[in-house]
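The values are calculated or read from the model by the stated rules, or taken from the named source; none is laboratory data. All figures in this text were calculated on a predicted structure; none of them were measured in a lab. Positions of Cβ are generated from backbone atoms using ideal geometry, with glycine treated the same way; all protein chains shown enter the neighbour counts. Accessible surface areas use protein heavy atoms only, side chains included; no ligands, DNA or RNA. Shrake-Rupley method; radii C 1.70, N 1.55, O 1.52, S 1.80 Å.
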Amino acid sequence: MEVFIQQIINGITLGSIYGLIAIGYTMVFGIIGMVNFAHGDVFMVSTFVALVTALILATWLGISSIFLSLFVILLVGMVVTSLVSWTIERLAYRPLRGSFRLAPLISAIGMSIFLMNFVQVAQGPRNKSIPPFFQNVIVIMEREGYQVTLSYRQIIIWAVTATLLTAFWYIVTKTSLGRAQRACEQDQKMASLLGVDVDRTISMTFVIGAALAAVAGTMYLMYYGVVSFSDGFVPGIKAFTAAVLGGIGSIPGAVIGGLLIGMIETLWSAYFSLDYKDVAAFCILAIVLIFLPQGLLGRPEVEKV
Amino acid sequence: MTLQASAPKTGVNVARAIRDATIAGLIAFGILLPLIGFETVQNMRNELALETRPWLLAIFVGLVVLASLFISFVVRPWNQHRRAVRPAGASLKGAALRAAFAKWFTPFALGVAVFYPVLVIWITGFSGAVKWIDNFGIQILIYVMLGWGLNIVVGLAGLLDLGYVAFYAVGAYSYALLAKTFGLSFWILLPLAGILSAFWGVLLGFPVLRLRGDYLAIVTLAFGEIIRLVLINWVDVTSGYAGISSIPRPTFFGIPFTANEDGFAAVFGLEFTPLYRTIFLYYVILALALLTAFVTVRLRRLPIGRAWEALREDEIACRSLGINTTNTKLTAFGIGALFGGFAGSFFAARQGFISPESFTFTESAMILSIVVLGGMGSQIGVAIAALAMIGGTEMLRELDFLKQIFGAGFDPTQYRMLLFGLAMVLIMIWKPRGLISTREPTAFLKERKTVAAKFVEEGRG
C-alpha cells in the first residue's frame, strides 16, 4: 500500500510533465490536423535553455534565492522556446499548408532530427547534470520502515503546473485569442472570412504549446537534474500517447492522459519491470490508436466522402 | 525568415528587406544565444561550467541575416521573374529533355552500377578500392534496396510506415541467430530471413488495417521501437546492447573468402586480398536491389499493384469498387517487409556484427526520407535520392580539407544527421512531391498520357 501511494505521487509528478507537453500536441493537431513531430525536441531544447539559464544565474550572477531563479528560468525558457517554435512553424510548416497531407509530417520529422543533432553538435553529446535544486522531503506516512515521501520538488511541480494550466485555461476559454483558436479548429475558411487572422492564430497555438513545453522542460530539469540531447524523443512520444489517450484535440483530455500515462509508467516500473517501461508506453500508444482512436474525451471522427 | 509576402509587383523593396533582415537577426540572436552563445562543459571537479562563444554566435547570426537578405534580393525577384516570363504549363523543350532523360537514364545508371567495381579498381588501384566499393557502393545499394522496399508500402500503397527498420532488424537477427545456432549457409537463410520478415510485416499489418495517415505512421513507429526495445532487453537471445558478433560471412557457392588453402583466392589461383569478398558482396546486393526493382515493376502491372495505387489515391472509392483493402494492405506490408528482411540479412552477413544500435528510429526516418525525397512511387527518384543522401553523407568522411579551415578538432561526420534533417525540411518546402514528381499512370486507355505536374501536386498522397 505504501509503495502504491508513493508511486501514485511520483506518477502524478511525471504525469504533470507529460500533460504539459501533451497540450502542445493536442492543440496543434486540433487546429491544423498535423502531428507536430518536432514538439518533443522543442521540449528538449527548452531543457537546455533552462540548464544554461540556471548556470548563468547560479555561477555568474550568484543569485541564491531559489524561487527567484526558478521564476527567471521559467520566464527565459518560455520566451526562448516560444521563439524556437514560432520560427519552426514559420519556416518548416507554413509553406506546406495546403500541400499534400503527409508533407508537414515529413517536414516535422526532418525538423526533429535537425533539432536533436543541432543540440548535440552545439552542446556536446554527453549527459549534462546539475546538483538537485530542493533536497528536502516531507514524510507523510511511515510504516514498517518504509517512508512515503513528498519532496519539495514535487510540490513545486504540482503547484506550477496547476497555476499555469489555470492561466492557460483562462486564455483558451475567455480571451479573443482562444475564441479565434476554437473558430479555426472548426472551420478555417469560415473563420478567415469572419476576420480571424488564421496564420496568426496558428502561430500563437505553436507559441503557447511551446511555452507549456518549456515549463515541462524546466520541471524536468529540476526533477531529474540531468538532460541530454536525445531526451526529446521518448518523452515526446509518451506525451503524444497521452494526447491521444485523452482524446486528441481535447485540452482537458491531454492533462488527464498525461496523468494516466505518468501513473501507468511509475506503477509499471514498480511492479513489473523497469527495462520494459518504454515498451509498455509504446504498447499503450499502439493499443489506444488502434482500439480507441477518439480517446477518452475526444469526439469520434466521421469521414465523409 | 521573411515576413508574409505582400511584396510589390516588381523590383526589390529595400526598406522591407532591411526590416526583414533585422527581425531575422534578432530572432536568431534570441534563439542561438543560449544554445550557441554558451557551451556547458564539465570542469575538473566534474561540475558543469559555462564557456562563452561570442564569435561563433556572431557568425551564425550574421549568416541568418545574410540568408534573409539573399531571399529578399535574389530568390524573391527571381521567383517573380520566372512567374512573369513563363506562364503555367511546361515548355516543349523541357518535355523533350525529360523524355530523353527517362529513356536513357535507366540503362546508363545500370551500366555504371554493374561496372562500378571495375571502374573503382581502374581509378584507385587494388589497395584503395575496398573503401570505395564498401563504403560507397555497398552502403548506397543497401539504402537503394531499402528505399525500393519501403517504396512499395509508402509510394505505391500510400501507407506511411515509420517503423520499416523493424523488418530490416528482423532480417538481420534472423540471419545472425540462425547462422550461428544451426550453421546454415547465407543462401538458405536469405530467403528464410525474408519470409520471417514478411511474416512479421503481415502480423504487424493486421492491427493497423483501420488506420491511415498520421495515426498509421505513429503506430508503425511504436512497433519499430517495441521491436528494438525487445532486442535490447531480451538479453538471453540477442545479448542486448552488446549485439551479436562473428556472424558467419557468405561464401562463393561454398568457397569461403579466406586466406586459407580452400579459400576463394587459393582455389582460383589468385593472390589473397580482402577485395574479392567486397566485390562479391557488391554484386550480391546489386542483384538483390535489382530483384526488388524488377519485382516491383512487374507487380505494378498485376491487379494487386493496381489495387495498391488505387488504395493510395482513395481508400473509400477503392472499397466501394469491391477491392479487398485488407488483402491489398497486408500484401503491401508483407512484400515491403520481405525486401527489408533480405536487406537485413545481407547487412548482417556483410558486417559480421549487429546490435540494436543499427536499428534506431533515425534509420527508419532516413529510409523514409529517401523515398519521400526521391518522389514517392518513383524508382529512379528513390535511387537518385539514396545516391545523393547516403553518398553525400559518406562523402563527409572524405572532406579532410575542412579540417584545415575549421581546425583539427572539426569532425564533418557529426553533421551527417544534421544535414539529413535539414535536407528533409528543405526538399519538402522546395518540392513536396520529391525530386521526380511526375506520377505515371500505369493503367491507361489506348494511349499513354502524362499527368500534368499541377494535377500531381493536388493529390492528397
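On the basis of being assigned by TED's automatic domain parsing to the domain that holds B:Val371, touching a helix residue (DSSP H, G or I) at 6+ places or on another chain (Cβ under 7 Å), over 21 Å from B:Phe359 (Cα atoms) and among the small types (Gly, Ala, Ser), does B:Ala265 make the cut? Against the criterion (assigned by TED's automatic domain parsing to the domain that holds B:Val371, touching a helix residue (DSSP H, G or I) at 6+ places or on another chain (Cβ under 7 Å), over 21 Å from B:Phe359 (Cα atoms) and among the small types (Gly, Ala, Ser)), B:Ala265 qualifies.
Quick check, is B:Ile232 within 9 Å of chain A (Cβ to nearest Cβ), within 23 Å of the chain's Cα centre (by Cα) and more than 18 Å from B:Ile152 (Cα to Cα)?
Details: within 9 Å of chain A (Cβ to nearest Cβ): yes; within 23 Å of the chain's Cα centre (by Cα): no; more than 18 Å from B:Ile152 (Cα to Cα): yes.
For B:Ile232, the condition - within 9 Å of chain A (Cβ to nearest Cβ), within 23 Å of the chain's Cα centre (by Cα) and more than 18 Å from B:Ile152 (Cα to Cα) - is not met.
Among the residues of region B:209-217, are any hydrophobic (A, V, I, L, M, F, W, C), modelled with pLDDT of 85 or more and assigned to a helix (DSSP H, G or I)? Checking region B:209-217: at least one residue is hydrophobic (A, V, I, L, M, F, W, C), modelled with pLDDT of 85 or more and assigned to a helix (DSSP H, G or I). For the structure I just gave you, tell me whether B:Ile142 is among the aliphatic types (A, V, I, L, M), at pLDDT below 90 and either buried (at least 22 other Cβ atoms within 10 Å of the Cβ) or assigned to a helix (DSSP H, G or I) (or both). Taking the combined requirement at face value, the residue does not satisfy it. Scanning region B:10-33 for residues that are within 27 Å of A:Gly77 (Cβ to Cβ) and either out of contact with any helix residue (DSSP H, G or I) (no Cβ under 7 Å at 6 or more places or on another chain) or of a type in the set (Lys, Arg) (or both) gives B:Thr22, B:Ile23, B:Leu26.
Out of the residues in region A:75-98 that are open to solvent by less than 20 Å² (accessible area, probe 1.4 Å) and more than 8 Å from chain B (Cβ to nearest Cβ), state the one that is farthest from A:Gln188 (Cα to Cα). Before you say what the answer is, go through the steps one by one.
As a first pass, look at region A:75-98 and keep what is open to solvent by less than 20 Å² (accessible area, probe 1.4 Å): A:77, A:80-82, A:84-85, A:87-89, A:92-93, A:96.
Add one more test, that the residue is more than 8 Å from chain B (Cβ to nearest Cβ), and what stays is A:77, A:81-82, A:85, A:88-89, A:93.
Values: A:Gly77: 31, A:Thr81: 26, A:Ser82: 23, A:Ser85: 21, A:Ile88: 21, A:Glu89: 17, A:Tyr93: 16 Å.
Looking at the filtered set, the residue picked out is A:Gly77.
Where residues in region A:241-252 are buried (at least 24 other Cβ atoms within 10 Å of the Cβ) and within 18 Å of A:Thr161 (Cα to Cα), which of them is nearest to the other protein chains (Cβ to nearest Cβ)? Per the stated criteria, the residue is A:Ala243.
So which helices (runs of 4 or more DSSP H) are wholly in region A:99-210 and hold at least 3 residues that are surrounded by 20 or more Cβ atoms within 10 Å (Cβ to Cβ), more than 8 Å from chain B (Cβ to nearest Cβ) and under 17 Å from the mean Cα position of the chain (by Cα)? First the steps, then the outcome.
On the way: elements: A:103-123, A:152-174, A:176-186, A:188-193.
The qualifying helices (runs of 4 or more DSSP H) are A:152-174.
Could you pull out the residue among A:Thr59, A:Thr13 that is among the polar types (S, T, N, Q) and either in a loop (DSSP other than H, G, I, E, B) or open to solvent by less than 10 Å² (accessible area, probe 1.4 Å) (or both)? Explain how you work it out, then say what you get.
Values: A:Thr59 fails: either in a loop (DSSP other than H, G, I, E, B) or open to solvent by less than 10 Å² (accessible area, probe 1.4 Å) (or both).
The unique qualifying residue is A:Thr13.
Where residues in region A:20-56 are β-branched (Val, Ile, Thr) and within 10 Å of chain B (Cβ to nearest Cβ), which of them is most open to solvent (accessible area, probe 1.4 Å)? This residue is A:Ile56.
In region B:122-147, the residue that is nearest to B:Glu271 (Cα to Cα) out of those that are hydrophobic (A, V, I, L, M, F, W, C) and free of Cβ contacts under 8 Å to residues at least 24 places away in the same chain is B:Trp122. For region B:418-439, state whether one or more residues are open to solvent by 70 Å² or more (accessible area, probe 1.4 Å), closer than 27 Å to B:Arg228 by Cβ, within 14 Å of another protein chain (Cβ to nearest Cβ) and at pLDDT 65 or above. Yes, region B:418-439 contains a residue that is open to solvent by 70 Å² or more (accessible area, probe 1.4 Å), closer than 27 Å to B:Arg228 by Cβ, within 14 Å of another protein chain (Cβ to nearest Cβ) and at pLDDT 65 or above. When you look at B:Gly163, is it in the same structural domain as B:Arg249 (by TED's automatic domain parsing) and assigned to a helix (DSSP H, G or I), yes or no? No: the conditions fail for B:Gly163.
Each residue in region B:178-199 was checked for being buried (at least 19 other Cβ atoms within 10 Å of the Cβ) and either in contact with a Phe, Trp or Tyr (Cβ under 6 Å, 6 or more places away or on another chain) or not in a helix (DSSP H, G or I) (or both), and 4 of them qualify. In region B:57-79, the residues that are farther than 30 Å from B:Phe38 by Cβ reach residues that are of a type in the set (D, E, K, R) with C-beta atoms within less than 8 angstrom, at least six apart or across chains, in these pairs: B:Ser72/B:Arg16; B:Ser72/B:Asp20.
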